Every structure is written in C-alpha cells, then in structure tokens.
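First the structure, in the form of structure tokens, and then the observations on it.
The values are calculated or read from the model by the stated rules, or taken from the named source; none is laboratory data. Because the structure is a prediction, the values reported are computed rather than measured. Note that each Cβ is placed from the backbone with ideal geometry, even for glycine, and that neighbours are counted across all protein chains shown. Remember, those area values only see protein heavy atoms, side chains included, never the ligands or the DNA or RNA. Shrake-Rupley method; radii C 1.70, N 1.55, O 1.52, S 1.80 Å.
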Amino acid sequence: MSNLFWVGGAVATVILAIPTGVLLYTITRYRHKPDQQGEPHQVYGFARLEIAWTVIPTIIVLVIFGLSIHTQGLAEPNTDPGPSGRSDLTVIGHQWWWELRYPSGVVSANEIHIPVRTRWLVSLKSADVVHGFWVPRVGNQIYLIPGQTNHIWLEADKPGVYEGQCAEFCGAQHAWMLLRVIAQPQAVFDRWQRDQSRRAPAPTDRARSAPPPATGAGNTIARFEQPATGAGVTQASLVASGAQLFQQLPCQSCHAIAGTRANAGIGPDLTHLASRATLAAGRLDNTPANLRDWLRDPQKYKEGSHMPSLLLTPNQIDALTAYLESLK
Ligand code: CUA
C-alpha cells in the first residue's frame, strides 16, 4: 500500500511538474515585448500533440488502476476458508460482549490473543443481533450477522495491545462492547494458550496449595462478617466457599468454568477470568475491588446487561471474588 502511495505520488508529481514547467517557460520566454505589435501568430490544431495528451494520460490511469487492484488483492486476500470452513479463531458477538473460541479448545472473552506477524483467518458470527467487529489497526471492519458466518484477516506487525469496539449499534450497551487484540511473540502466545487450556483446579486442591491468609482491612471486615468461622477464615477457605457458592447460585446457569459442573454459554466463560485485564467487555479494569462492585450490581455499570443483580450478601461477594480472582 505504501509502494502504491509512492508510485502514485511520483506520477502525480511528474504530471504536475510538466505543465507547470511548460507554463512558466512560456510565460517568461514568450511574454509581450515592447517592440512587438498586434497579436502573435495563432496556431489551430496539432493532431500529434492532441493524440499524445489523450493517449498518455489514459495509459497512466490504466496502469494506476491495475496497481490499485493488485495492491487491494495483497492487502485483503480472499477470506473464503474453503470447504473445510476452518479458521484460526471464531468470534461470536453477544449483547454486549465477545465470545472467543480457538481451534485448540480454548474459550475466552473480549481479549483476543494472537501471535504477532501471523495472518489469522477469523470467523465471525452473532448470537443475537447484528454487531460490528472493528479493531482498526489490525484488520478491516466487518459485520457479525445472526445465521451467517463472515470472515476477516487479522494481523499485527508489532507486539502490543490494539483496542477495538463494536461498530454497529446493537442495543443499550453497544458503547460498552469493547474488545482488545493482544499481539504477542509466538512463544508467549503458545504459553498463554497452554495456560488457558488448563481446567480450573478443584477447591480442595486449592486449599492445600493456597497461600497463607492475606492480612489487611478488606480481610478483617470479611472475618468480622463471618462470626461462624471466626478469625480462622483463610484465603483458601474463602476461595473454596466461593467455588461452592458459584455452583449453588444462578452463576452456573449462565457461565462456564472448565473442570466444574458449570458449562453454560450465555455469559462469558470464566475459566481463566483472572488472567484477563478487563471485566464486562472493557467496562471495568479487572481488579478485586471492581469485580466485587460488579458482582454487587452489574446494572450499575451496564444497565440492561443480561447479568442481573443477584442481591448477594457481602459475605457471598467476598467469597465469589476470592474464587474468581483465583481463576488465573
Ligand atoms: Cu455489539 Cu454494538
């Protein structure tokens, strides 16, 4: 594309330079002189010159047209995946988040990890209404249409985080349907994918390998609110009770956590929630304080979101936060 720009620029410069030069030359060379009388000699028609200035521009236009078509082909090769329908990633638009399914079996949400300098063919679908996938620095914009699969190429030249946004109005929280592409060196991507393929460890394993109980204001309150277990509430037991609550409360009827009974696909997969940088499709940074607030009342941050406020007690929120934060 940049080659085409320079070729086009050079041709345009030459085209500008020739008539301007001829004009300047003529103005100075043939200007009226004091000793001249009347009109200068008039010339009408010069067939060879007229043919030349018709044919040459036509050739120039055709050549640039050809180069443009060629460049377009290089920049956006055919996205037809062929009869296999295989692609490197499937993105499914939901109101108002992005489901990501990798051929390796990894399922994630909102944050697309890709290896850098590798062109990926991405399939795009919608679970509900029309959405628009758009991460301007790594690919084109394309619709996600219910009942149809579209394709797009995704490629990043440099490692980094590329921000994107749903580009088609899709309801109340369309503006909070952000997405990110995280381009990483192949080895880093491979490690990420390996980590994401792991299932959630069982809470009993956690209790054994859990770090010592954290101290601090938050935890003191947590202990205070749980007189039944008293001061003995460790991080590990908080995590374990969070894991239990997750299966008892309606959480598991919408979300999936691999390795547990929860395997619903209505909301984002939470198997590795703690490894993500944001919550609720970019609405909040993924910090314990924000997660706690989000669990308390999702509608406060995303009005109309399909995640209801479950009227959780502070104890339940503490336990669920501890559990979800442990899902690295
Ligand atoms: Cu999805 Cu706008």
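Quick test of the membrane-span-like rule: which DSSP H helices of the chain reach at least 15 Å along their long axis (C-alpha atoms) with mean Kyte hydropathy at least 0.0? Please list the in-between numbers first.
Numbers: long enough: 2-29 (39 Å, 1.32); 47-75 (42 Å, 1.45); 186-197 (16 Å, -1.62); 235-248 (20 Å, 0.29); 314-325 (16 Å, -0.16).
Membrane-span-like by this criterion, though nothing is claimed about a membrane: 2-29, 47-75, 235-248.
Can you compute the helix-only [θ] at 222 nm over the chain? Use -39500 (n - 2.57) per DSSP H run of at least 4 residues, normalise by all residues, nearest 500 deg cm²/dmol. Intermediate results must be reported in sequence, preceding the final value.
Values: 9 runs with 123 residues, N = 328.
Calculated at 222 nm, the ellipticity per residue is -12000 deg cm²/dmol.
Note that the chain presents 58 Å² accessible area per residue, ligands and nucleic acids not counted, probe 1.4 Å.
Among the protein heavy atoms of the chain, carbon and sulfur supply 61% of the accessible surface, probe 1.4 Å, non-protein parts ignored.
Peptides 170-179, 68-77 ranked from most to least packed by the mean count of surrounding Cβ atoms within 10 Å: 170-179, 68-77.
Expressed to the nearest 5 percent, the antiparallel share of DSSP beta bridges inside the chain is 70 percent.
A DSSP coil position with no more than 10 other Cβ atoms inside 10 Å describes the following trypsin sites (Lys or Arg not before Pro) in segment 1-108: R31, R86.
Protection proxy ranking of 120-126, 185-191, by the mean of other Cβ atoms within 10 Å over each peptide's residues and highest first, is 120-126, 185-191. Remark: accessible surface ordering of D35, D285 (largest first) is D35, D285, probe radius 1.4 Å.
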